[in-house]
1. Only residues that are among the hydrophobic types (A, V, I, L, M, F, W, C) and either on the phi > 0 side of the Ramachandran plot or part of a strand (DSSP E or B) (or both): list them for segment 71-115, please.
2. Just one of (1) in contact with a Lys or Arg (Cβ under 8 Å, 6 or more places away or on another chain); (2) surrounded by 13 or more Cβ atoms within 10 Å (Cβ to Cβ); (3) not aliphatic (A, V, I, L, M) trips up Asp90, so point out which.
3. Given (1) of a type outside the set (S, T, N, Q); (2) farther than 19 Å from Thr93 by Cα; (3) modelled with pLDDT of 55 or more, where does Val21 come up short, assuming only one miss?
4. Quickly run through segment 59-73 and pick out the residues that are closer than 23 Å to Leu31 by Cα and surrounded by 11 or more Cβ atoms within 10 Å (Cβ to Cβ).
Amino acid sequence: MAQFEFKTGERLELGRNRWTVILIIMKKTTLPDFKGKVVSVGLASDHYSYAMNSPHWEIQGGKLFLIGSVPHYGSVRNWSEGVVRAIAWDEVTDYLVFESIDDYIKRQSKFHRKK
């Protein structure tokens, strides 16, 4: 197997049949620290949002995941409260960051109030 070294920002294009593989070396990025916060993410494949308490980053099977526990009000009728939730970061379209579990519950309770 051939090995190559690249500098940040260099581009390599490999043509094969009708497909072209493009590799762009990116600068090392810093991921946000969500310790002690509640993060609610939206996914491209779904119209729901998914919340997790104090999530952290993990690579599993070569993919980056955001992993945390389901907070109170984080599922319908709280059936999965406290269960570990893992979401592939490449599926996330947007996210909200709440300063604490209390902040998240307070805002969710506004949503759940009877009209």
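The values are calculated or read from the model by the stated rules, or taken from the named source; none is laboratory data. From a predicted model like this one, the values you see are computed outputs, not experimental measurements. Cβ atoms come from the backbone with ideal geometry, glycine included; neighbour counts cover every protein chain shown.
1. Residues of segment 71-115 among the hydrophobic types (A, V, I, L, M, F, W, C): 76, 79, 83-84, 86-89, 92, 96-98, 101, 105, 111.
Once the filter is applied, which keeps residues that are among the hydrophobic types (A, V, I, L, M, F, W, C) and either on the phi > 0 side of the Ramachandran plot or part of a strand (DSSP E or B) (or both), segment 71-115 yields Val84, Ala86, Ile87, Ala88, Val92, Leu96, Val97, Phe98.
2. Of the numbered conditions (1) in contact with a Lys or Arg (Cβ under 8 Å, 6 or more places away or on another chain); (2) surrounded by 13 or more Cβ atoms within 10 Å (Cβ to Cβ); (3) not aliphatic (A, V, I, L, M), the odd one out for Asp90 is (2).
3. (3)
4. Looking only at segment 59-73, we keep the residues that are closer than 23 Å to Leu31 by Cα, and these are 59-71.
Scanning segment 59-73 gives Lys63, Leu64, Phe65, Leu66, Ile67, Gly68, Ser69, Val70, Pro71.
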